[in-house]
Amino acid sequence: MFITSKFNNYIDDENTELTYKNNKLNDEIVELKNEINELKKKEKHIFLGELIYTRPDNVKIYVSSCRQLFPNLKIWEYNRELDDNHKNNLKDIIKNNKCLEGNIDILECNNELCIVNGQHRYNAIYELLEEDSLFNREIITHVHNVPSINSDESNNIFIATNNIKNVKLSD
């Protein structure tokens, strides 16, 4: 009887200790979940929108609202001349299909945002934003942090992101 009583006390003590440890771990889990949620909130940029991925080369990919982002962008001064026919074709595609394929590449330096790839998409959407106060689309943006908007790195990004040749069905 004495041994059974001692054993039961030991089990009760162990159970109490494990319950205490379990409660402490549960409290830590709640704390960590709250920290994660706070970090997630911080990953939403005021103009760029929601950060969805950071590539291994540190390019950040956002889902951006055109209405929120576009007034805060400028065209990189070294972009090619705007082709109005191409811009207008894109504008028709966006209006008719309610979406836009592709992304826009942006250079970021000291909170300055410059379009290095996607100026025709930008101009087509910008015109639609001006024509219709209710118009808005989400667009994928690739943001390249650079030491200077006019750096060799910016030039390399321009070359890398503008190396896709448009194709025709006859090709």
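The values are calculated or read from the model by the stated rules, or taken from the named source; none is laboratory data. All values derive from a computational prediction rather than experimental measurement. Ideal geometry is used to build each Cβ from the backbone, glycine not excepted, and the neighbour counts take in all protein chains shown. Note: areas computed on protein heavy atoms with side chains; ligands, DNA, RNA excluded. Shrake-Rupley method; radii C 1.70, N 1.55, O 1.52, S 1.80 Å.
Odds and ends about this structure:
- For the stretch 94-105, the set of residues classified as open to solvent by 80 Å² or more (accessible area, probe 1.4 Å) and either small (Gly, Ala, Ser) or part of a helix (DSSP H, G or I) (or both) consists of Lys95, Asn96, Asn97, listed by residue number.
- Checking each residue in the stretch 50-86 for being in contact (Cβ under 8 Å) with a residue 40 or more places away in the chain, open to solvent by less than 40 Å² (accessible area, probe 1.4 Å) and under 16 Å from the mean Cα position of the chain (by Cα) picks out Val59, Ile61, Tyr62, Val63, Ser64, Ser65, Cys66, Leu69, Phe70, Leu73.
- Restricting the stretch 127-157 to residues that are part of a helix (DSSP H, G or I) and free of Cβ contacts under 8 Å to residues at least 60 places away in the same chain, the residue that is most open to solvent (accessible area, probe 1.4 Å) is Glu130.
- Residue in the stretch 53-69 that is closer than 25 Å to His142 by Cβ and small (Gly, Ala, Ser) present: yes
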